[in-house]
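Novice: Before I ask anything, let me first share the structure, which is written out below as structure tokens.
Nothing in this text is a laboratory measurement; each read-out follows from the coordinates by a stated rule. Nothing here was measured: the structure is a model prediction, and the numbers come from that model. Virtual Cβ from ideal backbone geometry, glycine too; neighbours counted across all protein chains shown.
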Amino acid sequence: MRPVWILCSVLVLGAFVVGLALIDEPPGLHGRSHPEFKTLRQGGDAALRHGPILWLGWAFGCAIILCLSTLVQFGALRGRGRESLGWWLRLATLLYLGIWTWLIFAYRASFGSGPPELYLTLPAPSAIMIFIFWPVSMLFAACFALGFRRWVLTEEEEARFEQLVLENRERGED
Amino acid sequence: MEALRQPIILGSVGVYLLICLGVGIWALRRTHSTSDFFMAGRELGVLITGIAIFSSTMSGFGFVGGPGLVYALGMASVWIVITTGLTSGISDFMLGKRLRMFAELFDTVSLPDAVAARYGRESTRFLAALAILLGVMGYLATQMLAMAKVLQSLLAGTDRFAEISLVTCVVVSCSVLLFYCVTGGILASVYTDLVQGIVMAIAGVLVFLTAISVFEGGPSEAIMTLWRDDPESVGPWGTLGMIGCLSWYFMFAVGAAGQPHVVTKVMMTKSVRSYRFIPAVAIGGYLMTALLWVGIGLAMRALVIGGQQPELVSPDAAAPVFLQAYAHPILAGVVFAGLFAAIMSTADAFLNIGAAALVHDIPRALGRKPSNELTWARIGTVVIAVAAALFALYSHYQNDRLVALLGVFGWGTFGAALVPAVGIGFNWKRATPLAANVAIASSLIVNLAIEVLDIPLPFGIHGGSVALLLSLTLFIGISYASKRPKLDPAVEAVMDL
């Protein structure tokens, strides 16, 4: 993975930030003071504050996920023999993007609805965020631990490194 | 048992502080060199490194600020926590192997040391050390103030020390911290982190179980109370809004790879191969502790809205009030000790990297090398602690914006300054010293400008995210635009692995 891909993903995110500066914020986007308790804030009407920017937010989230995945792949896919890791990481990214999209659809469906059905004590969008979106991100960390000897530090690389340390010490002693 | 609540809490905190002093004395006998003082002799095992990483990450912010944010803003701050998997993926793949290899090959004792070895420029070392030193002062002052305030609130419930001043509390709590940091350096720091991390993880699980048992109808009752008051507070964006949450998510996921108090620990492991399971230990501990963050925050919000609890004086009171009012006295004792642990484990890591920047890196960058560096390291630790304590007290009594100002040299600035130069630069031969210098300097300037000039960003986007985007762009862009640098053969060889 070449750094130019990081640069591209960062520039896309930068364009989002500049673009956001050029459009009007929906009313109450950052919530409002709680009418009764001064230490609390309220979100207000979901459809009113997020409806106009929901798909823009979805796209911004996708761009962030792709940028983060690019950074993982940049660190991971160095040297030969890591092609299969690349496929696993891309698969994890696709799955992660899919769940992110599911979260947005679930949130959209909650606009103006009555009391929510709870899944493991949380309304659907938050349940997806905590019980699915969060655990699936662990796939990236799992690739590191499970494929360590195959993709991160092979025995051959370790031997080469030990040789390098030895040579460096000998050079220092000379 | 309820009558003994206060003595149990004070006793638990007292025992914990004594353990810290004991570890300091034990580590003193094992600290013989600068490498021992700053790098624990590169002898740390999987468990201790993993726990030290998570306990340094989950600071007082996690135990006090985190529940406070959930109390005030609903689910919004959960976006800081759910970065865990990607954070680990980015940091581990980019830095785990590479940084540890640099540490052994070039015998480095600090992150700026490794940066100097990679880029071959003292100016890059100087800027990295300066960014760290500025960040350390802000972070450390905040932690010291938090530690003293918790101690003061605990002692306020006693007859004898009810009127104890904040200055005395700063002196007492900092003396313990300073004792074990000066005597045992990073060795004492990581072994106290082990105790601190275990206490924090156990406390996290137990408090979460307490929080969900406070309501007769279980956690569903709490969620429905919150939903009836404001459905958005239990929605995925809380009250902050979607774009603001996403900017936190980006900054915390990427920024982790630039936190010097965390990534420095990667350099202390016994071997490169031992890093394999360290992230798993760190993630496990972090998740257990995060339960406290979410559990207390939601429970206190529901209790206040439901009329079962008077409104808090400030959001940061969520955790202490919950523990005093709802937790079993023994659990409250353990968690208050855990609270001290969370603050101290971060503070000790900052003290150590700050001392390294002050006595090792900045003098070297300026062409000087102290003769007895271990003694200077101990003196440097005292100087930084005293300066941070004075700074904390001055800002508390005279100008409360000062700590906040230097506080911006925290997570966002560390991320923006060091992720390009370290995370990318250690994996990319084409990265140039000029690009690293510009990235570090621009992140300091941009973060400070946003805070000092109070520049409003659209849609609640965090200033740290903007600084990070800018520094990454400058770093990669300038490196591509510059002539390919000539690398030291050893640097080139290690980057080929």
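Novice: Quick one: grab the alpha carbon gyration tensor of the stretch A:133-173, order the square roots of its eigenvalues as a ≥ b ≥ c, and give me rounded if a/c is under 1.5, else prolate or oblate depending on whether a/b is larger than b/c.
Specialist: prolate
Novice: Which three semi-axes in whole Å describe the equivalent ellipsoid of the stretch B:344-497, each the square root of 5 times a Cα gyration tensor eigenvalue, listed largest first?
Specialist: 30, 26, 12
Novice: Based on the alpha-carbon gyration tensor of the stretch A:82-174, what equivalent-ellipsoid semi-axes (square roots of 5 times the eigenvalues) come out, in whole Å, largest first?
Specialist: The three semi-axes for the stretch A:82-174 are 48, 13, 10 Å.
Novice: Relative to the Cα centre, what is the charge dipole magnitude of the stretch B:1-136, using +1 at the beta carbon of each Lys and Arg, -1 at the beta carbon of each Asp and Glu, and rounding to the nearest 20 debye?
Specialist: 140 debye
Novice: What number, rounded to the nearest 500 deg cm²/dmol, is the helix-based mean residue ellipticity at 222 nm of chain A, given -39500 (n - 2.57) per DSSP H run of at least four residues and division by all its residues? Numbers along the way, then the final one.
Specialist: Working: 7 runs with 112 residues, N = 174.
It comes out at -21500 deg cm²/dmol, rounded to the nearest 500.
Novice: Please list, in order, the residues from the stretch B:440-459 whose amide nitrogen is less than 17 Å from a point placed 7 Å along the Cα→Cβ vector of A:V18.
Specialist: Only B:458 pass the distance filter.
Novice: Further question on the same structure: Using only Cα positions of the stretch B:99-217, each an equal point scatterer, no hydration layer, compute I(q)/I(0) via Debye at q = 0.14, 0.15, 0.23 Å⁻¹ and quote the log10 values to two decimals.
Specialist: Normalising to I(0) and taking log10 leaves -0.90, -0.97, -1.26.
Novice: Turning to a different aspect of this structure: Over the Cα atoms of the protein assembly as shown, what Rg and Dmax result, in angstrom?
Specialist: Looking at the protein assembly as shown, its Cα Rg and Dmax stand at 24.1, 79 Å.
Novice: Can you tell me the relative contact order of chain A? Whole percent, Cα pairs under 8 Å, sequence separation 6 or more. If you can, show how the numbers build up before the last one.
Specialist: Details: 120 pairs, mean separation 33.1, N = 174.
Relative contact order here is 19 percent.
Novice: Suppose we take every Cα in the stretch B:271-330 and form the convex hull; what volume per residue is that in Å³?
Specialist: 107 Å³
Novice: Loop only per DSSP, at most 14 neighbouring Cβ atoms within 10 Å: give me the chymotrypsin sites (Phe, Trp or Tyr not before Pro) in the stretch A:70-174, ordered by residue number. Mind dumping the intermediate values first?
Specialist: Values: sites: A:F74, A:W87, A:W88, A:Y96, A:W100, A:W102, A:F105, A:Y107, A:F111, A:Y119, A:F131, A:F133, A:F140, A:F144, A:F148, A:W151, A:F161; in loops: A:F111.
Qualifying residues, ordered by number: A:F111.
Novice: Under unit Cβ charges (Lys, Arg +1; Asp, Glu -1), what dipole magnitude, rounded to 20 debye, does the stretch A:37-125 have relative to its Cα centre?
Specialist: Working: 8 positive and 3 negative charges, 69 e Å.
About 340 debye.
Novice: Of all alpha-carbon pairs in chain B, indicate the percentage at a distance above 32 angstrom.
Specialist: 39 percent
Novice: Kirkwood Rh over Cα pairs of chain A into Stokes-Einstein at 4 °C, 1.567 mPa s: D in µm²/s?
Specialist: Roughly 65 µm²/s, to the nearest whole number.
Novice: Dipole of the stretch B:63-220 (Lys/Arg Cβ +1, Asp/Glu Cβ -1, origin at the Cα centre): which of B:I80, B:F215, B:L133 lies farthest to the positive side?
Specialist: Towards the positive end, the residue furthest out is B:L133.
Novice: Rounded to whole Å and sorted largest first, list the principal axis extents of the Cα atoms in the stretch B:214-260.
Specialist: Principal extents (Cα only, largest first): 44, 23, 10 Å.
Novice: A follow-up question, please. For the stretch B:69-148, what is the convex hull volume of the alpha-carbon atoms per residue, in Å³?
Specialist: Value for the stretch B:69-148: 136 Å³ per residue.
Novice: For the cross-link pairs B:K149/B:K265; B:K265/B:K483; B:K149/B:K369, which exceed 31 Å when the distance is taken from alpha carbon to alpha carbon?
Specialist: B:K265/B:K483; B:K149/B:K369
Novice: Also: Any chance you could list the semi-axes, whole Å, largest first, of the equivalent ellipsoid that the Cα gyration tensor gives for the stretch B:1-144, using √(5λ)?
Specialist: That gives 33, 24, 16 Å for the three semi-axes.
Novice: Okay, next question. Can you give the calculated 222 nm mean residue ellipticity of chain B, where each DSSP H run of n ≥ 4 adds -39,500 (n - 2.57) and the sum is split over every residue, rounded to the nearest 500 deg cm²/dmol?
Specialist: -23500 deg cm²/dmol
Novice: Another question, then. Along each of its three principal axes, how wide is the spread of alpha-carbon positions in the stretch B:341-402, in whole angstrom units, largest first?
Specialist: Rounded to whole Å, the extents work out to 39, 27, 16 Å.
Novice: Moving on to the next point. Which of B:I461, B:I8 comes first, and how do the rest follow, when ranked by fewest Cβ neighbours within 10 Å?
Specialist: Lowest to highest Cβ neighbour count: B:I8, B:I461.
Novice: Now for a different question. Need one word for the stretch B:231-383: rounded, prolate or oblate. Basis is the Cα gyration tensor (sqrt eigenvalues a ≥ b ≥ c); a/c below 1.5 gives rounded, then a/b vs b/c decides.
Specialist: Working: a/c = 2.26, a/b = 1.87, b/c = 1.21.
Prolate, because a/c is 1.5 or more and a/b exceeds b/c.
Novice: Turning to a different aspect of this structure: Neighbour counts of other C-beta atoms within 10 Å: give me B:R29, B:R160, A:R108 arranged from fewest to most.
Specialist: Final ranking by Cβ density, sparse to dense: B:R160, B:R29, A:R108.
Novice: Can you sort B:S55, B:S479 so the residue with the fewest Cβ neighbours within 10 Å comes first?
Specialist: Listed from fewest to most nearby Cβ atoms, that is B:S479, B:S55.
Novice: Using C-alpha positions alone, give me the convex hull volume of the stretch B:22-88 per residue in cubic angstrom. Spell out each step's value before the answer.
Specialist: Working: hull volume 7.9 nm³, N = 67.
It is 118 Å³ per residue.
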